[in-house]
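Novice: Pasting a structure below so you can have a look.
What follows draws every value from the coordinates through simple rules; no lab data is involved. Computed from a predicted model, the values in this text were never measured in an experiment. For neighbour counting, all protein chains shown are included, and Cβ atoms are generated from backbone atoms with ideal geometry for every residue, glycine included.
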Amino acid sequence: MLENFTEIEAKDILSQTKEYKKSGYRFAAMTCEHTGENFELTYHFDLNYELKNLRAVVDGKEPIDSISTVYPSAFLIENEFQDLYGLVFQGLIIDYKGNLYLTPDGPTTPMMKDKK
Amino acid sequence: MAKTVIPFGPQHPVLPEPIQLKLVMEDEKVVEAIPAIGYVHRGLEKLAELKDFQQTVYIVERVCGICSFMHSMAYTQGIEKVMNIQIPERAEYLRTIWAEVGRIQSHLLWLGLLADAFGFESLFMETWKYREKVLDLMEMTTGNRVIISANKVGGTTKDLTPEHLKAILTTMDELTVLLKEVDKVFLQDYTVKKRTVGVGILTKADAEELCSVGPVARASGVKYDLRTTGYSAYKHLDFEPIIESAGDCYARTVIRIKDLHQSIQLIRQAVGQIPNGEIFVPFKGFPNGEVVSRIEQPRGEAVYYMKANGTKNLSRLKIRTPTFTNIPSLLKMLPGSDLPDVPVLVLTIDPCISCTER
């Protein structure tokens, strides 16, 4: 288990992120893993070299709130997950609509567990 | 005034790797920049899920051709943490020495590219000539010039003999003298300063807002250097993060030049203190658990997230490289700049696109 780990509801992603921003945390990274049925989204925030890790489990059917309105530097990673997992982030400050890395005629959602 | 969109890249003389910036221009001024990437996405994170966790060392070494060693360092450090492996102290020093040698060759490569970007060919050639000495050192100590394959889970694959350590110190002495020549030009030459001073300013507030890392952040006054957390042998070495405050192209150049001298000092300290002993500790089993491993690469903080489930394969490896997080800072620097300054400005974040796309 990750240190400083908190599990949250998907609906709380944006509000929790705003709290971290208010407390002076920087957005360090974001991870997504397809577990077969769901997607684990893990947000890593840093303050004074200490990481806090927030995790929300989503089913991928509903759009997820983009945190790029709070941390603009998150726009690339959220676009990456749109490409690689087929997730949809709503409110992205720059939205490549699934074509950050992949071309329209290229492979789709290559990071899903059933894709080899 | 009508706006024009100019595509900068993906193929451009100053870009060693492909990235496109769609520059929205008003006359000769940039008013907006939108990046387009995806030219070198290789799916390495997916490949890592399909390979044995020890084979993955060779995959992460190929995330980047410049900071190859440090990618494997971040990865092995993470796996060792999740498996509770304490590597020998000598291996920690070896990793630190090779990491700093790698930082020197990376910064020298960048200085040459910068000189090339503003058309100073002789400065470019001179800087890369010095870099050759460092690459020769890497070849002598490991057998390879760039991808040195010196890391494995549990320690290092190679040791440094007393002759190697002596040669490293000799090269550091030579570099100290040689660098004085190019330092003078990069920091005092009228033409160079004309192209860098006051160009592409990123304020401290913007650097913090955009979560900048590495020399880009430190040139804007953000004191953030992961080496101060004391991973590997850095906990035994005496140094302070190098900070500048102007946030312009010149400050980003100053940071890297001072970084070079600091790396030389760190190598001298590490070579002076390296203990005798083993370079590898044997272990059994497979990793199980989650971990985040971070290190300070030449371009800034790299974040490695690993999730293992007790089998030989990781269920997830996520790599967040420094350029990935510095692209938003570049988009902030570009508006307001003149078109001829764009190449120099783009280079000052030291973009590594292979790292970014993996």
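Novice: Take the residues in segment B:259-280 that are assigned to a helix (DSSP H, G or I) and charged (D, E, K, R); name whichever of them is nearest to B:Thr161 (Cα to Cα).
Specialist: B:Arg268
Novice: Of the residues A:Leu84, A:Leu51, which is facing chain B (nearest Cβ under 10 Å), farther than 23 Å from B:Pro18 by Cα, crowded, with 18+ Cβ neighbours inside 10 Å and in contact (Cβ under 8 Å) with a residue 40 or more places away in the chain?
Specialist: A:Leu51
Novice: Would you mind finding the one in A:Glu33, A:Glu78 that is surrounded by 14 or more Cβ atoms within 10 Å (Cβ to Cβ), under 18 Å from B:Arg316 (Cβ atoms), without any contact (Cβ under 8 Å) to a residue 12 or more places away in the chain and not hydroxyl-bearing (Ser, Thr, Tyr)?
Specialist: Every option except A:Glu33 fails the conditions.
Novice: For A:Ala56, state whether it is surrounded by 13 or more Cβ atoms within 10 Å (Cβ to Cβ), under 10 Å from the mean Cα position of the chain (by Cα) and facing chain B (nearest Cβ under 9 Å).
Specialist: Spelling it out, it is not the case that A:Ala56 is surrounded by 13 or more Cβ atoms within 10 Å (Cβ to Cβ), under 10 Å from the mean Cα position of the chain (by Cα) and facing chain B (nearest Cβ under 9 Å).
Listed here are the residues, each with its yes/no results for (1) in a loop (DSSP other than H, G, I, E, B); (2) of a type outside the set (A, V, I, L, M, F, W, C).
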position: B:Phe286; (1), (2): yes, no
position: B:Ile295; (1), (2): no, no
position: B:Val303; (1), (2): no, no
position: B:Lys307; (1), (2): no, yes
position: B:Asn326; (1), (2): no, yes
position: B:Asp341; (1), (2): no, yes
position: B:Val344; (1), (2): no, no
position: B:Asp350; (1), (2): yes, yes
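Novice: Go through the residues of segment B:94-108 one by one and say whether even a single one is under 14 Å from the mean Cα position of the chain (by Cα) and either among the acidic types (Asp, Glu) or surrounded by fewer than 17 Cβ atoms within 10 Å (Cβ to Cβ) (or both).
Specialist: The answer is yes; a qualifying residue exists.
Novice: Name the residue that is farthest from B:Val82 (Cα to Cα), counting only residues in segment A:1-43 that are facing chain B (nearest Cβ under 9 Å) and of a type in the set (D, E, K, R).
Specialist: Per the stated criteria, the residue is A:Arg26.
Novice: Please count how many residues of segment A:64-81 are touching a strand residue (DSSP E or B) at 6+ places or on another chain (Cβ under 6 Å), aliphatic (A, V, I, L, M), under 22 Å from B:Leu330 (Cβ atoms) and more than 10 Å from chain B (Cβ to nearest Cβ).
Specialist: Total meeting the criteria: 0.
Novice: Follow-up question, since we're still on this one. Just for segment B:278-334: of the residues that are aromatic (Phe, Trp, Tyr) and within 14 Å of chain A (Cβ to nearest Cβ), which one is farthest from B:Thr356 (Cα to Cα)?
Specialist: Residue satisfying both the conditions and the ranking: B:Tyr305.
Novice: Counting only residues that are acidic (Asp, Glu) and farther than 24 Å from B:Ala207 by Cβ, which one in segment B:262-311 is surrounded by the fewest Cβ atoms within 10 Å (Cβ to Cβ)?
Specialist: B:Glu278
Novice: Still on this structure, I have one more. Taking only segment B:173-190 into account, find how many residues are closer than 17 Å to B:Met125 by Cβ and either acidic (Asp, Glu) or surrounded by 12 or more Cβ atoms within 10 Å (Cβ to Cβ) (or both).
Specialist: The total comes to 9.
Novice: OK, next. Looking at segment A:54-65 only, could you name the residues that are more than 14 Å from B:Glu290 (Cβ to Cβ) and touching a residue at least 40 places away in the same chain (Cβ under 8 Å)?
Specialist: Correct list: A:Ala56, A:Val57, A:Val58, A:Glu62, A:Ile64, A:Asp65.
Novice: Out of all the residues in segment B:7-23, is one or more outside any loop (DSSP other than H, G, I, E, B), free of Cβ contacts under 8 Å to residues at least 24 places away in the same chain, more than 14 Å from chain A (Cβ to nearest Cβ) and touching a strand residue (DSSP E or B) at 6+ places or on another chain (Cβ under 9 Å)?
Specialist: Within segment B:7-23, one or more residues are outside any loop (DSSP other than H, G, I, E, B), free of Cβ contacts under 8 Å to residues at least 24 places away in the same chain, more than 14 Å from chain A (Cβ to nearest Cβ) and touching a strand residue (DSSP E or B) at 6+ places or on another chain (Cβ under 9 Å).
Novice: In this structure, does B:Val30 turn out to be within 28 Å of B:Pro335 (Cα to Cα) and in contact with a Leu (Cβ under 7 Å, 6 or more places away or on another chain)?
Specialist: When the stated conditions are applied, B:Val30 passes them.
Novice: When you check A:Lys61 against the structure, is it loosely packed, with under 12 Cβ neighbours inside 10 Å, basic (Lys, Arg) and either facing another protein chain (nearest Cβ under 9 Å) or out of contact with any Phe, Trp or Tyr (no Cβ under 8 Å at 6 or more places or on another chain) (or both), yes or no?
Specialist: Judged against the criteria, A:Lys61 is a match.
Novice: Turning to a different aspect of this structure: Please determine whether any residue of segment B:262-274 is under 20 Å from B:Asn151 (Cα atoms), touching a residue at least 60 places away in the same chain (Cβ under 8 Å) and within 14 Å of chain A (Cβ to nearest Cβ).
Specialist: no
Novice: Can you confirm whether B:Ile243 is among the hydrophobic types (A, V, I, L, M, F, W, C), closer than 28 Å to B:Ala33 by Cβ, in a loop (DSSP other than H, G, I, E, B) and away from chain A (no Cβ under 14 Å)?
Specialist: yes
Novice: From A:Thr109, A:Thr103, which residue is assigned to a loop (DSSP other than H, G, I, E, B), within 9 Å of chain B (Cβ to nearest Cβ), of a type in the set (S, T, N, Q) and surrounded by fewer than 21 Cβ atoms within 10 Å (Cβ to Cβ)?
Specialist: Result of the check over A:Thr109, A:Thr103: A:Thr103.
Novice: Turning to a different aspect of this structure: Looking only at segment B:80-91, count every residue that is part of a helix (DSSP H, G or I) and surrounded by fewer than 24 Cβ atoms within 10 Å (Cβ to Cβ) and tell me the total.
Specialist: Matching residues across segment B:80-91 total 5.
Residues checked against (1) surrounded by fewer than 22 Cβ atoms within 10 Å (Cβ to Cβ); (2) closer than 14 Å to B:Pro351 by Cα; (3) under 18 Å from the mean Cα position of the chain (by Cα):
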site	(1), (2), (3)
B:Gln20	yes, yes, no
B:Lys29	yes, no, no
B:Ile34	yes, no, no
B:Gly43	yes, no, no
B:Ala48	no, no, no
B:Gln54	yes, no, no
B:Val60	no, no, yes
B:Cys64	no, yes, yes
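Novice: Picking from B:Ile59, B:Ile97, B:Ile66, which residue would you name as being in contact with a Ser or Thr (Cβ under 8 Å, 6 or more places away or on another chain), away from chain A (no Cβ under 14 Å) and not small (Gly, Ala, Ser)?
Specialist: Just one listed residue meets the conditions, B:Ile66.
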